[in-house]
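The values are calculated or read from the model by the stated rules, or taken from the named source; none is laboratory data. Small disclaimer: the values here were computed from a predicted structure and weren't measured. Virtual Cβ from ideal backbone geometry, glycine too; neighbours counted across all protein chains shown. SASA here: full protein model, heavy atoms, side chains in, ligands and nucleic acids out. Shrake-Rupley method; radii C 1.70, N 1.55, O 1.52, S 1.80 Å.
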Amino acid sequence: MQRTCYIGELNASFVGQTVVLQGWASRRRDLGGLIFIELRDRSGSIQVEVEPDSPAFHEADTVRAEYVLEVEGRFQPRPEEQRKGGLADYEVIALRVTVLSAAKTPPFELDKGESVAEDIRLKYRYLDLRRPEMQRHLMLRSRAVAAATAFLDAEGFVQVETPMLTRSTPEGARDFLVPSRLNPGEFYALPQSPQLFKQLLMIAGFDRYYQFARCFRDEDLRADRQPDFTQLDMEMSFVTQEDVLDVQERLLAHVFRTVLDYELPLPFPRLSYQEAMDRYGSDKPDLRFDRAFADVTDLFRGGEFGAFADAETVKVLAAPALTRKQLDELERVAKQNGAKGLAWARREGDGLTGGISRFLGEQAAALLERTGVEPGGTLLFSAGEWKKAVTALGAVRLALRDLFDLAAGGPRFQVAWVLDFPQLEFDEEAGSWTYMHHPFTAPRPEDIPLFGTERQGEIRAQAYDLVLNGFEVGGGSIRIHDPAVQTQMFQAIGLSEAEAREKFGFFLDALSYGTPPHGGIAWGFDRLVMVMAGASSIREVIAFPKNNRGVDLMAGAPSPVSPAQLAEVGVAVTTES
């Protein structure tokens, strides 16, 4: 190439040499007859000085922001008083400036960063991606892909691509459907995950598989969710849960070491689902700070305070001193997450005041002892049905984290496993049992006899979630490899043999041809990179994302298509009033 090197590769060894650089003009300044251009490429930026008597001066005088330039000049140190460290200690004295491409005035200032409205940034994403922080995010992502690939290849994993057009199967979210022109009235579904195909690869004998899989789910969006996203998908044969967790811990540690030069302590801490919910109100707890709940159900059972006396559970969270406004906001959070309210009391000396303190006289000393609440601090209570109570208080715990920046005092990254999820959960709306993860998750062997009994809600799954800084960045399980157990699982969720054959017939056939014990996991790769990069949303680590309404503002997707295209695939569009 014509350029000498990337700008970021310049160093003291180039001093005195003539270099050729290519990139974009971030800005141009005129000062005392001199022209200063900040030249930028993906690796960094450097000041270019154009002197009035330089043959480059006339061309440089036409340069505006975001022009694409080729600059030839002498690389030299800047004056001592202007040095700031790194490339800022050097400059290029231009001998030639060539405008390779002019640019219109950008619709926003690139150096304003995230202060620009996100919809504007997404509409002009190709400009937004020029910003150094966005390029750092995508380069970090690229290095993470390379690090994971190198590790898995060394561990004997085989990279296999699975179909993008497949059969619609129930996987928990709505499918994106694709009409088949060659098969009128029939549809493909874009894969929500490669779940069945990776299990088929184990049946086929590949033993260890991985791919960076594109997945599609038509569901409500949020900051860490997109309709199309990337999973690092893995599956292993002849393994136990411990084998899978060991490989995953070493893989994640390798990625962090290689990409961030950060050592994750091994082994990762482990919590059961029950413990995570009971102590933190979440199956993906943020463990960078403590603030675990205290269980005080026994202090109130059968007592005079009716709101707590008959509650299935009473949990309390010790918080710092809170204003009335802060308490109102936390109560709003609790109500949004299923609570009827948020009871509170403030520590004053060796007693309690305010809120529900008048009902806590007998329990005050025990509450102070169990919670260790600081003087002036606040106790926040949640009572009622166990899951609703802990979930609401868990949301309050996270709101406290954000309010007081509680995670700042902990490690930069905190990883944990959450294990022993329930195999089944009861869907109150449908009035029936359903799977918590997916219908191919293997139960704990000792719990299999509970299928079909009144205690089947107690069956524990051989399932595991990988949690990082309060985000679920991976989830997987040991799979069912025994057709008889698979039949029991289908029966437990009310799926008849005929319905199972209709939905999963090809997979059930494969299961009967000799299936090894196997298990795996899928990392939410966008979410992982978001946390590693310290970004606020997965949209910040995806090159061309949709907005929070599922719209690609740059390309204008989704969009109408012509009547002729619809007719070809036998689809008619109706508009409901």
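Anything in the chain that counts as a DSSP H helix reaching 20 Å or more along its axis (C-alpha) with Kyte-Doolittle mean of at least -0.5? List them, would you?
Values: long enough: 132-154 (33 Å, 0.12); 241-260 (28 Å, 0.14); 386-404 (27 Å, 0.59).
For the chain, where a helix must reach 20 Å along its axis and average at least -0.5, the hits are 132-154, 241-260, 386-404.
Which one of L403, F421, S432 is farthest out on the positive end of the charge dipole of the range 392-435, using unit charges on Cβ (Lys, Arg +1; Asp, Glu -1) and the Cα centre as origin?
L403
Taking the mean number of other Cβ atoms within 10 Å as a proxy for protection, how do you rank 251-259, 462-470 from highest to lowest?
Averaged packing, sorted descending, gives the order 462-470, 251-259.
At 1.4 Å probe size, with no ligands or nucleic acids counted, give the accessible surface of K387 in Å², nearest ten.
Its heavy atoms expose roughly 80 Å² to the probe.
Mind checking the per residue accessible area of the range 517-577 for me, 1.4 Å probe, whole number of Å²? Kindly include the intermediate steps, with their values, before the conclusion.
Working: 3070 Å² over 61 residues.
For the range 517-577, the per-residue accessible area is 50 Å².
Give me the dipole magnitude in Debye, nearest 20, for the range 1-109 about the Cα centre, with unit charges on the beta carbon: positive for Lys and Arg, negative for Asp and Glu.
On the way: 13 positive and 17 negative charges, 60 e Å.
The dipole of the range 1-109 has a size of about 280 debye.
So for K546, K198, what's the accessible-area order with a 1.4 Å probe, most first? List each step's numbers first, then the result.
Working: K546 35, K198 5 Å².
If we order K546, K198 from most to least accessible, we get K546, K198.
In straight Cα distance, which lysines are under 19 Å from K198, not counting same-chain residues fewer than 8 positions off?
Leaving aside lysines fewer than 8 places away in the same chain, those within reach of K198 are K503.
Can you pull the semi-axes for the range 428-577, root of five times each eigenvalue of the Cα gyration tensor, sorted largest first, whole Å? Intermediate values should be presented prior to the final figure.
Details: eigenvalues 262, 137, 52 Å².
Over the Cα atoms of the range 428-577, the semi-axes work out to 36, 26, 16 Å.
Considering only protein heavy atoms, what per residue accessible area in square angstrom results for the range 188-311 with a 1.4 angstrom probe? Intermediate values should be presented prior to the final figure.
Details: 5160 Å² over 124 residues.
About 42 Å² of surface per residue is accessible.
Could you check how much of the accessible area of the range 154-261 is carbon and sulfur, as a whole percent, using a 1.4 Å probe?
50 percent
Among V68, C5, M554, whose Cα lies farthest out toward the positive end of the dipole of the chain, if unit charges sit on the beta carbon of Lys, Arg (+1) and Asp, Glu (-1)?
Toward the positive end, the furthest listed residue is V68.
Please give the per residue volume of the convex hull enclosing the alpha carbon atoms of the range 394-460, rounded to a whole number of Å³. Each step should come with its number before you reach the end.
Numbers: hull volume 9.6 nm³, N = 67.
Looking at the range 394-460, the number lands at 144 Å³ per residue.
Not counting ligands, DNA or RNA, and with a 1.4 Å probe, what is D30's accessible surface area in Å² rounded to the nearest 10?
90 Å²
For Y90, what residues show an amide H to amide H distance below 5 Å, using hydrogens built from the backbone and excluding near sequence neighbours?
Amide H neighbours of Y90: R78.
Which distance in nm do the two modelled labels at E502 and L177 give, with both placed 7 Å along the Cα-to-Cβ direction?
With each label point 7 Å from Cα toward Cβ, the separation is 1.5 nm.
Given +1 on the Cβ of Lys and Arg, -1 on the Cβ of Asp and Glu, and no further charges, what dipole in debye does the chain carry about its Cα centre, rounded to the nearest 20?
Values: 64 positive and 85 negative charges, 241 e Å.
Taking the Cα centre of the chain as origin, the dipole is about 1160 debye.
For the range 210-220, just list the computed ³J(HN,Hα) in residue order, Karplus coefficients 6.51, -1.76 and 1.60, θ = phi - 60°, integers in Hz, with x standing in for Gly and Pro.
8, 7, 8, 9, 7, 10, 9, 9, 8, 9, 4
What shape does the range 490-577 take by its C-alpha gyration tensor, where a ≥ b ≥ c are the square roots of the eigenvalues and a/c under 1.5 counts as rounded, a/b above b/c as prolate, and the rest as oblate?
On the way: a/c = 2.70, a/b = 1.21, b/c = 2.23.
Because a/c hits 1.5 or more and a/b fails to exceed b/c, the range 490-577 counts as oblate.
Out of the GluC sites (Glu not before Pro) in the range 250-329, which ones are loop residues according to DSSP with at most 10 other C-beta atoms within 10 Å? Could the numbers behind the result be given before it?
Working: sites: E263, E275, E304, E312, E329; in loops: E263, E304, E312.
Those that pass, being in a loop and sparsely packed, are E263, E304.
Rounded to the nearest 10 Å², what accessible area does Y435 show when all protein chains are kept and the probe is 1.4 Å?
Roll a 1.4 Å probe over it and Y435 shows about 40 Å².
At 7 Å along Cα-to-Cβ for each site, give me the label-to-label distance between V551 and T62 in nm.
About 3.9 nm separates the two model spin labels.
Which ³J(HN,Hα) values, rounded to whole Hz and listed in residue order, are derived for the range 65-74 from phi using the Karplus coefficients 6.51, -1.76 and 1.60 in 6.51 cos²θ - 1.76 cosθ + 1.60 with θ = phi - 60°, glycine and proline given as x?
Result, rounded to whole Hz: 4, 6, 5, 9, 10, 10, 10, 10, x, 8.
Give the separation of the Cα centroids, the range 19-52 to the range 543-577, in Å.
Using only Cα atoms to place each centre, the spacing works out to 43 Å.
Might you tell me the accessible area per residue for the range 11-69, computed with a 1.4 Å probe and given in Å²?
Numbers: 2830 Å² over 59 residues.
Using a 1.4 Å probe on heavy atoms only, each residue of the range 11-69 averages 48 Å².
Which parts of the range 122-154 would a label at L221 reach, counting a residue when its backbone N lies under 18 Å from a point 7 Å out along Cα-to-Cβ?
Label zone hits: 122-129.
I want to make sure I understand the PRE zone here: with the label point 7 angstrom from the Cα of L266 toward its beta carbon, which residues in the range 393-425 have backbone N atoms less than 16 Å away?
415-417
Using +1 at the Cβ of each Lys and Arg and -1 at the Cβ of each Asp and Glu in the range 85-172, identify which of V92, S168, G113 lies farthest towards the dipole's positive end.
V92
Can you list the lysines whose alpha carbon sits under 18 Å from that of K387, skipping same-chain ones fewer than 8 residues off?
Candidates past the 8-residue exclusion: K284, K315, K335, K340.
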